[in-house]
Structure formats: structure tokens, C-alpha cells
Amino acid sequence: MEGTEKKTLIGRIRELKKMNNAIILVHNYQDPEIYEIGDFIGDSLELSRKAMEVEEDIIIFCGVKFMAETAKILNPTKRVILPNLEAGCSMADMSDVPGLIKLKEEYPNAGVVCYINTNADVKALSDIICTSSNAIKMVESLPNDEIIFLPDKNMAAYLQTKTKKKIIPYEAYCYIHNALDGEMLTDFKKRYPMAEVIAHPESPPDVLAISDHVRGTSGMIKAARESKAKEFIMVTECGMAQKLRDDVPGKTFHSFCNICSYMKMTNLFLVERALKKLEYEIFVQEEIARKAKIAIERMLELS
Ligand code: 13P
Ligand code: SF4
């Protein structure tokens, strides 16, 4: 989009936002053009906290559906709008209620830690929710020696290296992180021998084994700021390297990445449309929302 066209569109979005008394929440993986209209940019945990305390009438959620659902659960009197209803998450859709019930029957003494990348009905059947930034803490917080962790098998394997508890994984994964390969990363590292590797915990075990930092999206920014290193390889969604270049000036970021098509389904035109038509509004069935909220709030109290 041309500079002036983009400027006009951003101006219209800001006007509509004011008229509707709306706030725009943005996940770190969104396109940089979406950062420009965001009132708050963050990772899944930060966005949940922010959603809970929103005072405006309307939340425009620039991220994916499970995040918008979480916002609705935490702040049910607000209207939560997802600009593109197709913006789901394939990992969230890989776990379901029958799958979780089956595991619970197989392991009746296990506690259930559920990654926030799930649909609300799965959250409702879980003891506690976690995000990439607090998963270890949430696993340790439950009294059970056995923990069903769902849905991400890679994060489950990573957690198993960090806890004495027995982690029972679900067989799901993030299609973009799971496709990252340890051998290819080993070759990539040879090109940048001074660089530290920062990887998302949704990456496979062979990738995490050769990473210097394993962090969620906002944790990556913190790790790059705090490290003495000047150069980093970012192992995650491709948008993160640019975010780090903007947020941590003076350091160099190389991308070892894949693009999440779901996160890139939101653009400025769709945000303008969302504000004009107030579509697509997210609803969560009352009983599911009530139970899911208990599990989400347990996490928020502890983190
Ligand atoms: P964060 O919780 O680290 O923001 O991650 C969300 C996500 O979808 C990663 O694939
Ligand atoms: Fe889902 Fe993976 Fe996209 Fe995150 S990066 S929203 S886990 S598909």
C-alpha cells in the first residue's frame, strides 16, 4: 500500500475507534502495519491481562481466535471483535474434548495443564491454563505427580526436561514451529558463529537442545535486551525478527523461521471493516466460559 493511502486508512481507523469507544489489542506476530494502529502489543499472557482490565466498550482483537475468545471469557460485558473469522490456530484445532476426556480416563490421577492455544471447551475441562511464558510454573503449581499437558507435544517434551513430574503429552503441534529442523539450524548457526539462538518452546526438541534461550514471544524481546550478545538467531514466526529489530536497536537479528498464515490474515482494511460493521463478534457459551474462566484466572493469580 502507498504511503498516503496507508496514512489515510490509519486515520480512518483511529476515528472509528474513537467513535466506537474501542481498543485495539495486537499480538506480537501480527504484521508491522497492524502494530501502527495497536493500543497494546504483547504476547498471549500480556494480552489476557490487558483484556481483563479494558474499560472501553469494544475490543478489536488483532491475533487469532483463541486469543479473542480468552478476552471475551475474561471480560464478558465487552464486545470482542475478530476482524477475520478465518484467523484460527491449527494447533488449537488439533485438540478436542473427546481427546482430553480419553486421556483423563487413562490417567485418572493426573492434573491437566492446558496451553492457552486451545478452544474454550477444552480450557473448560482443564485444571489450569498456561502460556509459553509460564508453563513450567503452572506444571509445578498443581499437586499431582502426573500432568496431562495439551495440546503441544513439543512444549510437553520441553517441560519434561524441566520437571520431575511425569508429563503426559497430547499429540498436537504448531505447524510452523514443528517444521523447523535441528540439522538445518546447526548449519544456519555456522554462518553466524557469534549469534545466540532464541527459540519459541513450540519448536521441536532437537531445535531447543541447541538454543541458548527458550522463550515466549515477549520473553524473546527481554532475553535479547538482557543478553551481552550483539547478534541473535530468532527461531519462531518470521515477523518476530523485525519486531526485535524495532524494539532492541543496536543488535542484529537473523531469522530462522516460518510464516504463520493465520496470524497474517488480519490487515488494515479488515480492521477498518471490523470497526465499521462490528464484525466478527466472538461469543462463548455461558457454562463453557464460566469453567474456562476459573482455569484462566488460576493462571493469572500465579503469574
Ligand atoms: P506467545 O504466548 O509466546 O505469544 O505465543 C503465541 C503463539 O501462538 C505462538 O505460536
Ligand atoms: Fe497457532 Fe502456530 Fe500460528 Fe501460533 S504460530 S497461532 S501456535 S499456528
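Just so you know, all these numbers are worked out from the coordinates, no wet-lab data involved. The model shown is predicted, which means the values in this text are computed figures rather than measured ones. Note: ideal-geometry Cβ built from the backbone for every residue, glycine included; neighbour counts use all protein chains shown.
Structural remarks
- Condition met for Met220 (among the hydrophobic types (A, V, I, L, M, F, W, C), touching a residue at least 24 places away in the same chain (Cβ under 8 Å) and in contact with a Cys (Cβ under 9 Å, 6 or more places away or on another chain)): no
- The residues in the stretch 185-207 that are acidic (Asp, Glu) and in contact with a strand residue (DSSP E or B) (Cβ under 7 Å, 6 or more places away or on another chain) can be counted, and the count is 2.
- As a summary of the residue check, Ile148 satisfies the conditions (1) crowded, with 24+ Cβ neighbours inside 10 Å; (2) over 19 Å from the mean Cα position of the chain (by Cα); (3) among the β-branched types (Val, Ile, Thr) except for the one numbered (1).
- The residue that is surrounded by the fewest Cβ atoms within 10 Å (Cβ to Cβ), counting only those in the stretch 263-303 that are within 19 Å of the chain's Cα centre (by Cα) and within 19 Å of Ala22 (Cβ to Cβ), is Asn267.
- Residue ID - nearest to Leu100 (Cα to Cα), chosen from residues in the stretch 173-205 that are touching a Leu at 6+ places or on another chain (Cβ under 8 Å) and away from ligand 1 (no atom under 12 Å from the Cβ): Pro204
- The residue that is nearest to Ala274 (Cα to Cα), among those in the stretch 55-101 that are of a type in the set (A, V, I, L, M) and more than 19 Å from the chain's Cα centre (by Cα), is Ile58.
- Pairing residues of the stretch 21-50 that are touching a residue at least 60 places away in the same chain (Cβ under 8 Å) with residues that are of a type in the set (Asp, Glu) and more than 15 Å from ligand 1 (Cβ to nearest atom), at Cβ distances under 6 Å and at least 6 apart in sequence or on separate chains, gives Ala22/Glu56; Ile24/Asp39.
- Per this entry, Tyr192 is counted among residues that are of a type in the set (Ser, Thr, Tyr), surrounded by fewer than 21 Cβ atoms within 10 Å (Cβ to Cβ) and in contact with a Ser or Thr (Cβ under 9 Å, 6 or more places away or on another chain).
- Restricting the stretch 22-46 to residues that are in contact with a Ser or Thr (Cβ under 7 Å, 6 or more places away or on another chain) and acidic (Asp, Glu), the residue that is farthest from Ile259 (Cα to Cα): Glu46
- When Met91 is tested against (1) surrounded by fewer than 20 Cβ atoms within 10 Å (Cβ to Cβ); (2) farther than 19 Å from Tyr280 by Cβ, exactly one condition is not met: (1).
- Listed here are the helices (runs of 4 or more DSSP H) enclosed by the stretch 27-88 that have at least 2 residues being within 13 Å of ligand 1 (Cβ to nearest atom): 44-53, 65-74.
- In the set Ala68, Ala51, only one residue is within 27 Å of Val271 (Cβ to Cβ), surrounded by 24 or more Cβ atoms within 10 Å (Cβ to Cβ) and of a type in the set (A, V, I, L, M); that residue is Ala68.
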